[in-house]
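> Would you mind keeping the following structure in view while I ask a few things?
The values are calculated or read from the model by the stated rules, or taken from the named source; none is laboratory data. The shown structure was predicted, so the numbers you read here are calculated from the model rather than taken from an experiment. Note: ideal-geometry Cβ built from the backbone for every residue, glycine included; neighbour counts use all protein chains shown. For accessibility, only protein heavy atoms count, side chains too; no ligands or nucleic acids. Shrake-Rupley method; radii C 1.70, N 1.55, O 1.52, S 1.80 Å.
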Amino acid sequence: MATPGTGAAGHAPKPTAPPAALKLHVPSPDWRDQVIYFVVTDRFADGNPRNNDQGVGEYDPRQASRYSGGDLAGLRQRLDYIQGLGATTLWITPPVANQWMNAQGSYTGYHGYWAEHFMKVDRHQGTLHDYRLLSDALHRRGMYLVQDIVVNHVGDFFYYDAKRPGPGQAQTKGQGQAHDPRLGYQPNLGSRPVQRPSQHPFSLNDPRRAADRQAGIYHWTPDIVDYGNREQELTYQMAGLDDLNTRNPRVREALRKSFAHWIREVGVDGYRVDTAFYVEPEFFEDFIWRPARAGGTPGLHEVARRTGRNSFFLFGEGFGIDGPGQNTQSQRIESYMQGPQAQQRRLHGMLNFPLYGALGDVLSRGAPTAVLGQRLRAQVALHPRLHWMPTFVDNHDVDRFLASGDQRALVQALGSLFTLPGIPVVYYGTEQGFTQQRASMFAAGWGSGGQDHFRLEHPLARTLRSLADLRQTHAPLRRGWPTVLAETTDDAGALVWRMSHEGQHVLVALNTADEALTVKDLPLGSSGAATLQPAWGLEGLPAGLQADVQGRVSIPLGGRDLRVWHWADAQLQGSARAGQAQSEAPRALQRSGDGDAPWVEQIDRSDPAGDDHGPEGRYQYPTDPVFAQLRTADIRRVQVATRREAQGTALRITLTMAGLSSVWSPRHGYDHVAFTTFLELPGEPGGARVMPLQDGELPGDLRWHRRLRAHGWSLALFSAEDASAQQEGRPLNRGVQVRANAAEKTVTFTFSPAALGQRESLKGARLWINTWDWDARYRNLAPNALDYTFGGGQPGQPKVMDATEVFVIPN
């Protein structure tokens, strides 16, 4: 028998000619016209239950971390549903052969991002023929196929112990001598079904063998501990996944060959590139654009061109979100599409994470609408290929929008996606009101509640179809550039923008405030009187609008509304253009007029050091060393202040921690801890005592009316209505802001008056705060700690590592 990865058994499978009757190769679409539907295949539909359980303990639809059984055949069976939503392209998670089980931790590779062979279909997914049938079925409907791919890493087949050198020590400085990669190397003997990749040359992963060291396929590095260190980001392991040496020509050739395979053999129309930020941007110049004359496998653009695809589409993931007035991450994203030199082409597009962040801040967390307006202006100025940047409101790596927002806010967010530049991406289940990050659409899968969820009559599914029709009907929504006409600078309120293209115009107006309002006498930039026809409305088609002879219009909006109109005007001037700042500033609207009232200190109390071991003192941190080294859940001080504002009293809570980690580059500035704050409001009836999802009740007689769950990527506020042990409560789209200070080890949460019911006073309010950690749910508790599982307890015991006393606001 050949040794895996070195003999014939380890090489790529020889392609078999697809049946001529299958429609695999079709011309590329104009991607600006597409609506993409994104699925985690394992969680979508199970078309062949016989491939669910491969016998290594990886299949258990009762657990979120195990395989549920979705596959390629199931996708093909549900194309009527996907197309019925208005989607034109299906994006699937990687179907390649994966590491199924990693005994080092408590997870499996159901998601597809732990490759062991880039050119084989994973047995859970089906066969090459199943994949071809899916491609054929899509193309016969006029739809297209996007496959998720990974070029940064494979699965977790080896690791380095804690003695491995740290940042900057991969080379012995000043001596030109490479560090010995054998030092600290540990193979992962708990990997299943294979203990190393079966595909050559990725199988050359043991530095104890001279040939493997010489091949240099891997970087031979430990886990990233500082995501702000560019060397670590590019060359160290992300969460234990073996990092490929993508500067090695041999690795580049193998990756081009691997992903050319799916274009030729299946008819894939585009790729989404996972973890693009962890690969040097120059890699994509070779991966996509390498000319045939350079030898070897040509770049994927040329491979696709030979199948009749002149606009094969590759877009990348770069998890970077800018705060108001910042553009650092946006500029970094742009560098992955265009190099510093003219015509230095890289990826065709990048996922629009900065827009995702601004939409969430404004529509789910109550920030002023000017935050979104500023982001739109910045994107026009920064991104010439803005229309090729896929946009989204949630995905498989972040909380669902409805985990912290309500359905009305979700409709506003989707309406914004479909009326702005970019390719709208809808994450499966969003249209069914999902709140769990990776719940299943089919009844037998994890998180489904025991029922299928393929209801085209669901209100959100109908809304999605109507927005897809709106976008297809009006070219400015697919080709135009936004001009922001009005924005609210100090609170929830109105935001108005215009999309213009070749004399056709669309006006979009939204209101994030609860109260109805009218934006009066707003200049459209039009040449004179005009009649604006209704195009779409959150509550049905609105009435038409009439602009006066000066091109001004008054726009009525209901509370938390979104309305769309269209008109023609060939003479309209001043439309935004790529690479240019907006010529005229938008009208600045104000609602609150708060000024700078001082904060009044109410509470300043120390919390015992070292009490971060659970209610009975027996809990242990997960074995990921960051937790225990920094004691990330240990609260040391609590400060509470209030401030009177025009609309009521605001609340500020500052927590000083034993240590604050940001090694995962979290958007809120801290990770490895989640804070849950419970607030009992004075004089408020009702409330709840249950701690949702944390397996416990509040101390004493405390009841909560507001609950804030906050970790590095989410900030979710709830009222107690509908709260239970398994339900977090009713999401509130109100203003809560978070700020972390690494130097001072503090995290500050600021609640606007609206978040607290616009109360004149908070005197007598009670609050209690606890710590744990969160990854789509509160992390598991077990008798023995694992890499991301807390130890020292039993499932069902309270998930609380440290907790404050119950505080009462005195004044």
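> Arg455 to Gln727: FRET efficiency via 1/(1 + (r/R0)^6), r the Cβ-Cβ distance, R0 22 Å, to the nearest 0.05?
0.60
> So for the stretch 408-503, averaging the separation of alpha carbon pairs under 8 Å that are six or more residues apart and normalising by length, what relative contact order in percent results?
Over the stretch 408-503, the number comes to 25 percent.
> For the modelled label position 7 Å from the Cα of Arg140 along Cα-to-Cβ, which residues of the stretch 19-47 have backbone nitrogen atoms closer than 12 Å?
21-24
> Helix-only estimate, please: 222 nm mean residue ellipticity of the chain, summing -39500 (n - 2.57) across DSSP H runs of length 4 or more and dividing by its residues, to the nearest 500.
That comes out to -4500 deg cm²/dmol.
> How much length is gained on full extension from Ser527 to Arg32, taking 0.36 nm per residue of separation minus their Cα-Cα distance?
Working it through step by step, the gained length comes to 175.3 nm.
> Hey, another quick one. Of the listed values (1) 80, 28, 24; (2) 41, 36, 25; (3) 66, 27, 24, identify the label whose number matches semi-axes √(5λ) of the Cα gyration tensor in Å calculated from this model.
Correct label, based on the coordinates given: (2).
> I would also like to ask the following. How much net charge surrounds Gly528 when only the other residues with a Cβ under 12 Å from the Cβ of Gly528 are counted, with Lys and Arg +1 and Asp and Glu -1?
Summing Lys and Arg as +1 and Asp and Glu as -1 gives -1.
> Starting from the Cα-Cα distance between Arg250 and Val56, subtract it from 0.36 nm times their residue separation and give me the gain in nm to one decimal.
Length gained between Arg250 and Val56: 66.6 nm.
> Hey, another quick one. How much of the accessible area of the chain, probe 1.4 Å, is carbon plus sulfur, in whole percent?
47 percent
> Below 8 Å, C-alpha to C-alpha, sequence gap of six or more: please give me the relative contact order for the chain in percent.
Relative CO of the chain lands at 10 percent.
> Relative to the present Cα-Cα distance, how much length would full extension add between Glu697 and Arg230 at 0.36 nm per residue of separation?
163.8 nm
> Please turn the phi angles of the stretch 224-233 into ³J(HN,Hα) values with the Karplus equation 6.51 cos²θ - 1.76 cosθ + 1.60 (θ = phi - 60°), one per residue in order, whole Hz, x for glycine and proline.
5, 10, 9, 6, x, 8, 5, 4, 5, 4
> Moving to a separate point now. Averaged per residue, what accessible surface does the chain expose to a 1.4 Å probe, in Å²?
Accessible area per residue: 37 Å².
> I want the local charge near Gln432. Using Cβ-Cβ distances under 14 Å, sum +1 for each Lys or Arg and -1 for each Asp or Glu among the other residues.
In short, +3.
> If amide hydrogens are placed 1.01 Å from N in the peptide plane, which non-local residues have theirs closer than 5 Å to the one on Ala239?
Residues meeting the criterion, in which the H sits 1.01 Å from N, are Ile224.
> With contacts defined as alpha carbon pairs under 8 Å and 6 or more residues apart, what's the relative contact order of the stretch 204-315 in percent?
Normalised by residue count, the contact order of the stretch 204-315 is 20 percent.
> Could you pull out every residue, at least 5 positions away or on a different chain, whose amide H is within less than 5 Å of the one on Val154? Hs are placed 1.01 Å off N in the peptide plane, and Pro or chain starts have none.
Asp242, Leu244
> Here's something else I'd like to know. With θ set to phi - 60° and the Karplus curve 6.51 cos²θ - 1.76 cosθ + 1.60, what are the ³J(HN,Hα) couplings of the stretch 503-515 in order, to the nearest whole Hz, using x for Gly and Pro?
Coupling constants for the stretch 503-515: x, 9, 9, 10, 9, 10, 9, 10, 10, 8, 7, 5, 8 Hz.
> Between Ala570 and Gln63, what is the FRET efficiency for a Förster distance of 56 Å, r being their Cβ-Cβ separation, to the nearest 0.05?
0.40
> Give me, ordered by chain and number, the residues 5 or more places off His383 or on other chains with an amide H under 5 Å from its own placed amide H.
Gly579
> With a point put 7 Å past each Cα toward its Cβ, work out how far Trp599 is from Glu744 in nm, to one decimal.
My value for the distance between the label points is 0.7 nm.
> Just to be sure I understand the model, the point goes 7 Å from the Cα along the line to the Cβ. What's the resulting Ala475 to His613 distance in nm?
Label-label distance for Ala475 and His613, simple model: 7.1 nm.
> Residue-wise, which Karplus ³J(HN,Hα) couplings in Hz belong to the stretch 524-532, taking 6.51 cos²θ - 1.76 cosθ + 1.60, θ = phi - 60°, and x for glycine or proline?
Karplus values, whole Hz, x for Gly and Pro: 8, x, 7, 7, x, 4, 7, 9, 9.
> Excluding Thr473 itself, calculate the net charge of residues whose Cβ lies under 14 Å from the Cβ of Thr473, where each Lys or Arg counts +1 and each Asp or Glu counts -1.
+2
> Same structure again: What is the calculated FRET efficiency for Asp406 to Glu282, with r their C-beta to C-beta distance and R₀ = 56 Å, to the nearest 0.05?
It comes out at approximately 0.80.
> Follow-up. Can you compute the modelled spin-label distance between Gln343 and Ala211, with each label point 7 Å from Cα toward Cβ, in nm?
Placing both labels 7 Å beyond Cα along the Cβ direction yields 4.4 nm.
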